[in-house]
Amino acid sequence: MPLAAGSVMSKYANTVPTPQSTTKNNVAGKKALFPFQNKGKRMSTYPTAKTAMYEEAAAKRTSFPQIQQPPSPFQVQCMQVAKSEAVYTFMSSLIEGENMEREGLAETPARVAKAWKHWTSGYDIDIGKLLKTFEDGAEGCDQMVVRKNIPIYSKCEHHLADIFGTCTIAYIPNGRVLGLSKMDRLADAFARRLQVQERLTNQIADAMMEHLSPKGVGVFLNCRHMCVESRGVQNQDSATITSALRGLFLTDAMVRSEFLALARA
């Protein structure tokens, strides 16, 4: 898409490096880009067994994990500008009759891009590294550990509207305990993504089971959805409750009843 004169991105257009162009007459350029262009016949005469050996080695070589270098400051700046331009285009096409150049809106695209980086920061979190567990302190701990009223802030993936409320997480240790704040961070890591509440509830429970291996896990969410309250049926006095039960929380009726009573109290 061509850059509009005076746009935020246009001032960076001349500073973004581009590959050196080559033409049919640029022999040196063609050799640099295609160094094996004229060696096809010689390579095709290799014995089949040796070719297979080289292909196998290449396959093993490409299966190694790729080390990704962090972007340079210039690349970060370019990405931020591109995101701001995308927000500007989105707002301009969606909101008719508004002057996007007025003072109150001039910096809004950049602010929105920065805000969405935070609102979707959960995609950057390694859940396995987040959940640090301890054997020390777990001795004799065979009763329920509960974190209640953990704040939830998320975005509905259907309308990009707000989801907010509280989360209760409980587990029964099985030789290891989890740092209490890690349950808050776990809930926030999954909430800071585009979500539906049903998936969010299950992701929290499954991560607890996978990385802590407790005797059981219970997760209870009570949330409000702006896609329901501010549009459509517009029911302001409503909430959505979901739960996910694993292990003893699912199979033992007494454990399940105790958890749900604590979560609802």
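A few remarks follow.
- Extension gain for ALA86-MET254 works out to 55.2 nm (0.36 nm per residue, less the C-alpha to C-alpha distance).
- Counted charge near PHE164, where neighbours are those whose Cβ lies closer than 14 Å (Asp, Glu -1; Lys, Arg +1): 0
- Projected onto planes of every orientation and averaged, the convex hull of the alpha-carbon atoms in the range 73-123 covers 4.2 nm².
- Cα shape, the range 183-264, gyration tensor, a/c 1.5 rule: oblate
Only the coordinates and a few stated rules stand behind these numbers; no lab work does. Note that this is a predicted model, so its numbers are computed, not measured. Quick reminder, even Gly has a Cβ in these numbers, built from the backbone with ideal geometry, and neighbours come from all protein chains shown.
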